[in-house]
Amino acid sequence: MGVEVWFGLPGGYLAAVRSEGRGATRLPPSATLTLKRWMSDPAHWSFPYPTDADKAELAGELDMTVVQVGNWFRNERKRVWLPLKRAADKVANSLVPSSVEDIQAEVQRQGDIASGRIDDSAALPGGAAGAAAAATGTAPSGDGRVAGSR
């Protein structure tokens, strides 16, 4: 079960312009800034795929070809946007139960704890032994018994 998550812009995104090393940009900084502004607009950031009309408009404004604009967006999505989206999705999916059954089971468990039908000490590290250890100040042994008990 996937979760759609909005993820923000990286800090300094608009100010960062690669100008050294292999793969250095050949576009003027003003063109790069204009393209980054388009992509960072909240209306576009969640789906940074310009239409053909958007590409033509940007190309005319920046004295570039439509192919150059398309290539810039393809590279920017691959290098910046997609890694951020994957990281945000990974975090979101780790926070959300993986299935409806997991959600229902957790709701039932929380209800049972709240009503006193089950003891929430089983949720502590070490289970009931962990709860006993917490109460007595001793550490549980690896076999589920409290250290020092026989």
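The values are calculated or read from the model by the stated rules, or taken from the named source; none is laboratory data. Fair warning: this is a prediction, and the values are worked out from it, not measured in the lab. Cβ sites come from the backbone with ideal geometry, for glycine too, and all protein chains shown count toward neighbours. Surface accessibility is based on the protein's heavy atoms, side chains included, excluding ligands, DNA and RNA. Shrake-Rupley method; radii C 1.70, N 1.55, O 1.52, S 1.80 Å.
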Practice problem: With all protein chains present, calculate the accessible area of S99 using a 1.4 Å probe and round the result to the nearest 10 Å². | Solution: 30 Å²
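Within a Cβ distance under 12 Å of M64, other residues only, what is the Lys/Arg minus Asp/Glu net charge? Spell out each step's value before the answer.
Numbers: positive: R26, K55; negative: E57, E61, D63.
Counting the neighbours of M64, the net charge comes to -1.
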Quiz item: Ignoring ligands, DNA and RNA, what percent of the 1.4 Å accessible area of the range 29-95 is carbon and sulfur?
Solution: 56 percent
Quiz item: About its Cα centre, how strong a charge dipole does the range 29-95 have in debye, to the nearest 20, once Lys and Arg get +1 and Asp and Glu get -1 at the Cβ?
Solution: 480 debye
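Using C-alpha positions alone, give me the convex hull volume of the range 29-95 per residue in cubic angstrom. Kindly include the intermediate steps, with their values, before the conclusion.
Details: hull volume 5.6 nm³, N = 67.
Given the Cα convex hull of the range 29-95, per-residue volume reads 83 Å³.
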